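The values are calculated or read from the model by the stated rules, or taken from the named source; none is laboratory data. Worth saying up front: this structure is predicted, and the values here are computed from it rather than measured. Positions of Cβ are backbone-derived with ideal geometry, glycine not excepted, and every protein chain shown enters the neighbour counts. Remember, those area values only see protein heavy atoms, side chains included, never the ligands or the DNA or RNA. Shrake-Rupley method; radii C 1.70, N 1.55, O 1.52, S 1.80 Å.
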Amino acid sequence: MRICVIIAPNDRYNYGDLLFSHVLKTKLGCYYNEFVDIATIDADLSVFGGHKVYSINKIKEHTKNRNFDVILAGGHSLFCPWPFVLFCLNNKYAWLSKFNILLSKLLDRNKSKSITNCISRLVFGAKTKYPYSIGKYEIDGIRKIIYNSVDGNLDATLNKEDKRLLKSIDYLSVRNNTTCNQLKENGIQVYSYPDSAIQISQIFPIVDLLKMTSINRDYFKKSYIVFQINRGLGERSFSAIVENIKQIINHYDYKIYLCPIGFAKGHDDLIILNRLYEYIGSDKLVLFNNLNIWDIMGLIANSQCFIGSSLHGCITAMSYCKPYLGVEVSKTLNYIKDWGLGEDYCSECTDFYMKLSNALSCTPEVLKNNLNFQLNKSNENFKNIEKILVD
């Protein structure tokens, strides 16, 4: 019996983080008798379209001491430190991030980050250096370990321990060309491929998807644009965002659906979208709140355009061949430049109204060609993974 452990930040409700397990189980299901979803803590997000997941500290218990493969599912998880992950999960760990900020004023950045990460591991009882970047030697019983189109914030020069960690794994692909080049400069064998969530339209065709949503079907019959922004960015650029949305309302005959995508701490989309909704007060705005991943996917897949800071909001639009504008967040803009339609589909909070006409004029043929390009590259990534699994 072959077991696959999928490790992802899917113990919190962020849309993109809940997609990876669905994709991996579909693409690689024929190789395994059993999948076990592992995150930082025990959680059950099935009500939102996610999965029941178990703490990484219980990995041996849930694999019943058998050998298993590990797939790091994706996302902005490469060398993501424990303090940030714990902060996003529970307020009681917020002091760790504050301590890191204080320490960084006394020591250099790398030293303070290392110390805070060690303290966080002790507080949580973590056995691995990072929550979502695992070395094969850190957990007993790993047969193969694969990193699937991950990304992260890397230092220009990796330290000795981090190099050892990456050199212990069997296959590494990243979704960011800059990250890929950085790793190659550090002597790491790595491949660059699109985010695996580009596959969702192949797994959930729009006809089937709309049957899975909990949203009143009448909302899908209207012509609308989906808008999303994370709380931090929204609060910093509130006036500019208000002005741009008002311009869209005045010059386009579309409803604007305010759709939260990041619900977890550190994102808090709903808080800022609610504030925008109340402040602008237009009958052309519709605010959605209690959404599962099928609702979010369905709203974007049936829209005229997606505008937002969310990378996986943009990737969903790409997958269903819908126009999109990525707003200001670097990982979103970098992905559009690397794999999407380029700079013209990237915007700031100050100019998404001005760039909207260009996005809306993008032809279905151009969108379809880009999707096929990404799917072909993503399928190539999975073929590489399959070769590792059968070896």
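Set side by side, the residues S77, S112, S97, S104 differ, and just one is among the hydroxyl-bearing types (S, T, Y) and in contact with a Leu (Cβ under 8 Å, 6 or more places away or on another chain), which is S112. From the list V23, V53, the one residue that fits, being of a type outside the set (S, T, N, Q), surrounded by 15 or more Cβ atoms within 10 Å (Cβ to Cβ) and assigned to a strand (DSSP E or B), is V53. Per the conditions (1) closer than 28 Å to Y32 by Cα; (2) out of contact with any Cys (no Cβ under 7 Å at 6 or more places or on another chain); (3) touching a residue at least 24 places away in the same chain (Cβ under 8 Å), the sole criterion not satisfied by Q189 is (3).
One line per residue, one yes/no per condition, for (1) within 20 Å of S319 (Cβ to Cβ); (2) free of Cβ contacts under 8 Å to residues at least 24 places away in the same chain; (3) in contact with a strand residue (DSSP E or B) (Cβ under 9 Å, 6 or more places away or on another chain):
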position	(1), (2), (3)
L209	yes, no, no
Y254	no, no, yes
Y257	yes, no, yes
I271	no, no, no
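Scanning the stretch 334-350 for residues that are buried (at least 19 other Cβ atoms within 10 Å of the Cβ) and closer than 25 Å to E243 by Cα yields I336, Y345, C346, S347, C349.
S168 satisfies every condition listed in (1) within 27 Å of D253 (Cα to Cα); (2) out of contact with any strand residue (DSSP E or B) (no Cβ under 7 Å at 6 or more places or on another chain); (3) open to solvent by less than 80 Å² (accessible area, probe 1.4 Å); (4) hydroxyl-bearing (S, T, Y) except (1). Take the stretch 279-332 and flag every residue that is open to solvent by less than 10 Å² (accessible area, probe 1.4 Å), of a type outside the set (A, V, I, L, M, F, W, C) and assigned to a helix (DSSP H, G or I). If the condition is that a residue be open to solvent by less than 10 Å² (accessible area, probe 1.4 Å), of a type outside the set (A, V, I, L, M, F, W, C) and assigned to a helix (DSSP H, G or I), then D295, G298, G313, T316, S319, T332 are the ones that fit. Selection of the stretch 90-108 for residues being closer than 29 Å to S149 by Cβ and either open to solvent by 70 Å² or more (accessible area, probe 1.4 Å) or touching a Ser or Thr at 6+ places or on another chain (Cβ under 6 Å) (or both) yields L96, N100. Within the option set F79, F48, being open to solvent by 60 Å² or more (accessible area, probe 1.4 Å), touching a helix residue (DSSP H, G or I) at 6+ places or on another chain (Cβ under 7 Å) and closer than 30 Å to L333 by Cα holds for one residue only, F48. Of the helices (runs of 4 or more DSSP H) lying entirely inside the stretch 150-263, those containing at least 3 residues that are under 22 Å from the mean Cα position of the chain (by Cα) span 177-185, 200-203, 206-212, 231-236. Among the residues making up the stretch 137-151, those that are open to solvent by 10 Å² or more (accessible area, probe 1.4 Å) and in contact (Cβ under 8 Å) with a residue 40 or more places away in the chain are I139, D140, G141, I142, R143, K144.
For L276, the conditions (1) touching a Pro at 6+ places or on another chain (Cβ under 8 Å); (2) closer than 11 Å to Q228 by Cβ; (3) surrounded by fewer than 24 Cβ atoms within 10 Å (Cβ to Cβ) are fulfilled apart from (1).
Residue-wise test of (1) open to solvent by less than 80 Å² (accessible area, probe 1.4 Å); (2) in contact with a Pro (Cβ under 9 Å, 6 or more places away or on another chain); (3) among the aliphatic types (A, V, I, L, M); (4) modelled with pLDDT of 95 or more.
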{"site": "D195", "(1), (2), (3), (4)": "yes, no, no, yes"}
{"site": "F204", "(1), (2), (3), (4)": "yes, no, no, yes"}
{"site": "D208", "(1), (2), (3), (4)": "yes, no, no, no"}
{"site": "N216", "(1), (2), (3), (4)": "no, no, no, no"}
{"site": "Y224", "(1), (2), (3), (4)": "yes, no, no, yes"}
{"site": "I229", "(1), (2), (3), (4)": "yes, no, yes, yes"}
{"site": "G234", "(1), (2), (3), (4)": "yes, no, no, yes"}
{"site": "F238", "(1), (2), (3), (4)": "yes, no, no, yes"}
{"site": "N244", "(1), (2), (3), (4)": "yes, no, no, yes"}
